[in-house]
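Colleague: Mind having a look at this structure? Questions to follow.
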Amino acid sequence: MRRLLVLTALAAALTAGAQQRIVRLWNNASAPHDNGLRGGERVEENRLFNTTEAVLYVYAADPARATGQAAVVCPGGGYRFLSIGGDGHAVGRWLAEHGVTAAVLKYRLPNGRCEVPLEDTEAALRYLRRTAPDFRADSAQVGIVGCSAGGHLAASAATMLPEEVRPAFAVLIYPVITAEPGKCHKGSFDHLLGTDRTAGDEAQWSLQNRVTASTPPALLLAADDDRSVPPVNSVLFYAALKRHGIPASLRIYPSGGHGGALDPAHIYRAQWRADILDWLAMLAHENQKPTSKPR
């Protein structure tokens, strides 16, 4: 009971002050795959451990500023826990304040079962696309935002899901992309694929290898002094996008480290926020252009 009260209090604190809808997608008993974790969720320093249920926290866009866009937000945490506060609810509230409906995804941690977080993300995208009109959003403008390992999950959705459910755009913030030695965040792949993974597994989940001509446009942001996830991860994904002719933008700032995506205390983090909004506005403008009719 005490653990339930702590979790409830954490959720209330993190989501306070924003109009939202809470959607329980499924749990280990009802989802296509089980992550093998048992027992209750655990909270340590605003981090969620042992997640066994996929839940969406939907922040409706400010009606006065609605852009018609919506996005699933995937928190980071190295696939070991969820940084649901700074990389999740803070991002969701901020997007909603600026006209983008945001659905923060509490996904089930993989525990070495790589299909689990991705199927949660697919369910989230399907839900948000289906209900987009409820939030003054266009179902064709439902994208995805992810930080760190959540960036890997977002990029997985952009490259690996069926085309009819792939996000319309991806914003990847200091994302994990590759399992290549010397470039990877090893812990993320240990928890995603397990420590007995093969080279083939690593190649399959190194997402620069999964980009195709149907991958959506992407914005990538990283800091040059990131010591957790080397910024070359973003460079590899950007290069793959450009090889396939996909519209993409890459921002690597001189400093900023890793984590706390929207922390306004750092000079470049303020620029990150402006760059994200500018890029989303550009996409919205492009989507509003009338298509030319054949003569």
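Readers should treat all values here as calculations from the given coordinates under stated rules, not as data from a laboratory. No experiment lies behind these values; they were computed from the predicted model shown. Virtual Cβ from ideal backbone geometry, glycine too; neighbours counted across all protein chains shown.
Colleague: Between ASP190 and GLU115, what is the spin-label point distance in nm, taking each point 7 Å from the Cα along the Cα→C-beta axis?
Modeller: 2.6 nm
Colleague: Out of LEU25, ASN111, HIS152, whose Cα points farthest toward the positive end of the dipole of the chain (charges: +1 Lys, Arg; -1 Asp, Glu; placed on Cβ)?
Modeller: LEU25
Colleague: What is the magnitude of the charge dipole of region 2-287 about its Cα centre, with +1 placed on the Cβ of each Lys and Arg, -1 on the Cβ of each Asp and Glu, and no other charges, expressed in debye to the nearest 20?
Modeller: It comes to approximately 380 debye.
Colleague: Measure off 7 Å from each Cα along the Cα-to-Cβ vector at SER255 and ASN27, then give the distance between these two points in nanometres to one decimal.
Modeller: Output for this residue pair reads 4.6 nm.
Colleague: Give me the dipole magnitude in Debye, nearest 20, for region 51-123 about the Cα centre, with unit charges on the beta carbon: positive for Lys and Arg, negative for Asp and Glu.
Modeller: 160 debye
Colleague: May I pose another question? Once phi is turned into θ = phi - 60°, what whole-Hz ³J(HN,Hα) does the Karplus curve with 6.51, -1.76 and 1.60 give for every residue of region 35-44, x standing for Gly and Pro?
Modeller: 7, x, 7, 10, x, x, 5, 10, 10, 9
Colleague: Can you find, among GLY245, ASN46, ALA132, the residue sitting farthest towards the positive end of the charge dipole of the chain, where Lys and Arg contribute +1 and Asp and Glu -1 at Cβ?
Modeller: Positive-most Cα among the choices belongs to ALA132.
Colleague: Between ARG80 and GLN288, what's the calculated FRET efficiency when r is the beta-carbon distance and R0 is 41 Å? Round to 0.05.
Modeller: For ARG80 and GLN288, the calculated efficiency is 0.50.
Colleague: Ok, one more. Quick check on packing: order 99-108, 79-88, 262-271 by the mean number of other C-beta atoms within 10 Å, highest mean leading.
Modeller: Highest-to-lowest ranking by the protection proxy: 99-108, 79-88, 262-271.
Colleague: First measure r as the distance between the Cβ atoms of ASN209 and ILE267, then evaluate 1/(1 + (r/R0)^6) with R0 = 51 Å and state the FRET efficiency to the nearest 0.05.
Modeller: That pair, ASN209 with ILE267, gives E of 0.90.
Colleague: Under DSSP H, which helices of the chain have Cα atoms covering 27 Å or more of the helix axis and a Kyte-Doolittle average no less than -1.0?
Modeller: Membrane-span-like by this rule: 267-288.
Colleague: Note down the nm distance, to one decimal, between modelled labels 7 Å out along Cα→Cβ at ALA274 and at SER228.
Modeller: 2.5 nm
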